[in-house]
Amino acid sequence: MAKITILIIGAVLFAQIAVSNRPSTTSREPSQEPQKQATSAQLSKNQHQPSQPSTAVYNIEASPQSGQESTTISRKEEETTNRRLMYFTAALAVVAALQFLALLWQVKTTRSTSEKELRAYVFPASATRVTQNGVVRLKVELRNSGKTPALECASWVFEGVANTPNPTFPEDAPAGTAMHSSYYIAPGSHMEVNDEALAIQEDDFNFISTNIRSLYLVGEIKYKDAFQKPHSTRFRMVSRGNDFVAGLFVFCAEGNSSD
């Protein structure tokens, strides 16, 4: 926007300079009155001098020549004026075009800003492992913090055991990962996604609870906003030590992204 404003100011200054340099239309034609007076004085002087018929010469052809020069000068001034008016008109056209482009840019920016303020934003709020009827379940709570609904939501989550406290996460959903799809999250509301939790062997349980190994969780949420634009959110969580014993996952410092 600043560049367009500078261009508009430059064009206006150019137009003002063109107008200020416009030549005055006051006629520059040489005055013929002094020539007439000079001719009259010369005739009077010749009348008082002795008659010399053989040498009396009168130069009275200056006036037609001066008239032609005056016409030529006036024509050149008119051409110069017309040329500068043409430049001025072109400068005004450029200014109008720049103003139109600035208006289009402003409308587009305003619309984009409005959509960003109103669209849906879906993030995982929490992930826990709970036991129900003797079966361990994985519950992931997804929340829409936007002002409009999240449409056509689809998500997947994957649990894995790493031999180190800081696991290496897969970039995509591993083969066989269940996909939850076609659900709706209202603005300011949440949706709870339930999966069967990963079965933990006894030795893994002991190593994870003592921070030697770790249980990690990776997932992705895809959805459309009210303006039918697609979005996605990727997240990474880890559970070890006391968090693992309590069935809690915490977010990793890296690997979480949203558009």
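We did not get these values from a lab; they are worked out from the coordinates using the rules stated. Everything numeric in this text was worked out from a predicted model, so none of it was measured. Note that each Cβ is placed from the backbone with ideal geometry, even for glycine, and that neighbours are counted across all protein chains shown.
Things worth noting here:
- The residue that is nearest to A226 (Cα to Cα), among those in region 107-163 that are under 27 Å from the mean Cα position of the chain (by Cα) and of a type in the set (K, R), is R119.
- Candidate set: region 208-238, residues that are out of contact with any Asp or Glu (no Cβ under 9 Å at 6 or more places or on another chain) and of a type outside the set (V, I, T); chosen: the one nearest to V157 (Cα to Cα): G219
- Test: residue in region 236-250 that is more than 17 Å from A127 (Cα to Cα) and among the hydroxyl-bearing types (S, T, Y): no
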